[in-house]
Amino acid sequence: MVVFNKPYMTGKELEYISDAHSIGKLSGNGKYTQRCQRWLADQTTADKVLLTHSCTAALEMASILADLQVGDEVIMPSYTFVSTANAVVLRNAIPVFVDIRPDTLNIDETRIEAAITPRTRAICVVHYAGVSCEMDTIMAIATQYNLLVIEDAAQGFMSTYKGRALGGIGHFAAMSFHETKNVISGEGGALFVKDASYSNLAEIIWEKGTDRSQFIRGEVDKYTWQHVGSSFLPSELIAAFLWAQLEVGEQITNNRLESWDVYHNAFAALEADERLRRPIIPAECQHNAHMYYMLLPTNEIRDHVMANLKQLEINAIFHYIPLHSSPAGRRYTRVSGSMSNTDSLSSRLLRLPLWNTMPESTRSKVIEAVHNVMAQY
Ligand SMILES: Cc1ncc(COP(=O)(O)O)c(C=O)c1O
């Protein structure tokens, strides 16, 4: 069976974990946490980066930082992972969904203004497949209406928009290092704070609502409860694992891009025959090959292709079921305008296996299987 994803290990993970073990500081915010945070801040130009247990946790921190109150609204796509919306609902605030663009499957920036009400506090964008949203337009809308922008950059490691790294454009951003992502620590994530005026508060929220980080730096002589927070920081063992990955983050991205390009070229003729549609990468976006997907003409064809590929031992999978149609979505969220692109695209999307160091022979097997299956349609 060709698996959908194979977590990649660089070979240095255990060495760095062993080093953290011998240093003897196993809780968070030690040598490896600080190395990872500095690397990620340099790469994105964020003022502050804080490692978290997951992107989910980083999104929850962003909701606390944004000071969301009961009934406040956050505009976001419905075509996303549950955590984007759940982080808002945990503050008793309301996700307001707008439709996605047919080309990138990212939030349609032309529909955001129509969703703004006096209760709107933030726009949460999701860079689907590591391809950036139209950030200049979104940041301009946010400035005009005095809104915060949160980037859900779960899939955005090392991608750029007009040369600017994802995670360093909105006021806050969240990234994932879950084992399905480009660089990993099992479970893991990070919060990025671009706007320096929020950096101290972010650190307090991270450290259970206390100013412990300032105390450790000698900036205050005792630490106390300052704000709502939680235990968001991972242990040094997780950070040591992540450091082994960040060190070769560029190489991992390049390897994935190579496989992505092979797929993309292999399916050009099928697209020219209008049998499927390949991903579209706008000229201003450099993506990171987080995902290779194809859009089939109908939901029925997508499901048949997926089932046929499984028979040929290829594990191709679909992606998000739109949140507005989920049981919790119907309970906690609101929709602004039509969701026709979201409904249609999500029902026709198929993701192909892709991982770092994917052998050429495996890529060829997938490509051949897709061609064989598509010959029926
Ligand atoms: C867009 C998006 N946001 C958030 C998450 C949650 O990431 P994590 O598993 O690190 O909490 C995911 C996970 O795949 C995601 O795709």
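Taking the stated definitions as given, is THR362 among the β-branched types (Val, Ile, Thr) and open to solvent by less than 20 Å² (accessible area, probe 1.4 Å)?
Criteria not met by THR362.
Pick from ASP99, ASP108: which is open to solvent by 10 Å² or more (accessible area, probe 1.4 Å), over 30 Å from GLY209 (Cα atoms), touching a Lys or Arg at 6+ places or on another chain (Cβ under 7 Å) and not polar (S, T, N, Q)?
ASP108
I'd like to check something: does the range 244-255 contain any residue that is of a type outside the set (Val, Ile, Thr), open to solvent by 30 Å² or more (accessible area, probe 1.4 Å) and more than 29 Å from SER22 (Cα to Cα)?
Here is the first cut: in the range 244-255, the residues of a type outside the set (Val, Ile, Thr) are 244-247, 249-251, 254-255.
Applying the additional criterion that residues be open to solvent by 30 Å² or more (accessible area, probe 1.4 Å) yields 247, 250-251, 254-255.
Add one more test, that the residue is more than 29 Å from SER22 (Cα to Cα), and what stays is 254-255.
Yes, the range 244-255 has at least one match.
Give the range 32-54 a look and list any residue that's polar (S, T, N, Q) and within 16 Å of the ligand (Cβ to nearest atom), or say none.
Within the range 32-54, THR52, SER54 qualify.
Go through (1) part of a strand (DSSP E or B); (2) closer than 26 Å to ILE216 by Cβ one by one and return the number of the condition TRP39 breaks.
Exception for TRP39: condition (1).
Restricting to the range 1-23, name every residue that is open to solvent by 50 Å² or more (accessible area, probe 1.4 Å) and hydroxyl-bearing (Ser, Thr, Tyr).
TYR8, SER18, SER22
Of everything in the range 65-92, what is of a type in the set (Gly, Ala, Ser) and within 18 Å of GLY229 (Cβ to Cβ)? Give them in sequence order.
ALA66, ALA87
Run down PHE267, PHE232 and say which single residue is open to solvent by less than 10 Å² (accessible area, probe 1.4 Å), touching a strand residue (DSSP E or B) at 6+ places or on another chain (Cβ under 8 Å) and in contact (Cβ under 8 Å) with a residue 60 or more places away in the chain.
One residue alone meets the criteria, PHE267.
Do the conditions hold for ILE150, that is, is it more than 10 Å from the chain's Cα centre (by Cα), over 17 Å from LEU242 (Cβ atoms) and within 13 Å of the ligand (Cβ to nearest atom)?
Against the criterion (more than 10 Å from the chain's Cα centre (by Cα), over 17 Å from LEU242 (Cβ atoms) and within 13 Å of the ligand (Cβ to nearest atom)), ILE150 qualifies.
Hey, can you tell me all the residues within the range 209-225 that are buried (at least 17 other Cβ atoms within 10 Å of the Cβ) and touching a Gly at 6+ places or on another chain (Cβ under 6 Å)?
GLY209
Of all residues in the range 161-192, how many are open to solvent by 30 Å² or more (accessible area, probe 1.4 Å) and away from the ligand (no atom under 14 Å from the Cβ)?
Within the range 161-192, residues that are open to solvent by 30 Å² or more (accessible area, probe 1.4 Å) and away from the ligand (no atom under 14 Å from the Cβ) number 4.
What number of residues in the range 282-313 are free of Cβ contacts under 8 Å to residues at least 12 places away in the same chain and acidic (Asp, Glu)?
Summing the residues that are free of Cβ contacts under 8 Å to residues at least 12 places away in the same chain and acidic (Asp, Glu) in the range 282-313 gives 2.
Mind listing whichever residues of the range 55-81 are crowded, with 23+ Cβ neighbours inside 10 Å, within 11 Å of the ligand (Cβ to nearest atom) and either of a type in the set (Val, Ile, Thr) or not in a helix (DSSP H, G or I) (or both)?
MET76, PRO77, TYR79, THR80
Looking at (1) part of a helix (DSSP H, G or I); (2) hydrophobic (A, V, I, L, M, F, W, C); (3) open to solvent by less than 40 Å² (accessible area, probe 1.4 Å); (4) in contact (Cβ under 8 Å) with a residue 40 or more places away in the chain, which is the only condition VAL88 fails?
Every condition holds for VAL88 apart from (4).
Only one of these conditions is not met by ASP195: (1) touching a strand residue (DSSP E or B) at 6+ places or on another chain (Cβ under 8 Å); (2) away from the ligand (no atom under 16 Å from the Cβ); (3) among the acidic types (Asp, Glu); (4) within 21 Å of PHE81 (Cβ to Cβ). Which number is it?
ASP195 satisfies all of (1) touching a strand residue (DSSP E or B) at 6+ places or on another chain (Cβ under 8 Å); (2) away from the ligand (no atom under 16 Å from the Cβ); (3) among the acidic types (Asp, Glu); (4) within 21 Å of PHE81 (Cβ to Cβ) except (4).
The values are calculated or read from the model by the stated rules, or taken from the named source; none is laboratory data. As the structure is a prediction and not an experimental result, all values here were calculated from the model. Using ideal geometry, Cβ is built from the backbone for each residue, glycine included, and neighbour counts are taken over all protein chains shown. Side chains are part of the model used for accessible areas, which takes the heavy atoms of the whole protein and leaves out ligands, DNA and RNA. Shrake-Rupley method; radii C 1.70, N 1.55, O 1.52, S 1.80 Å.
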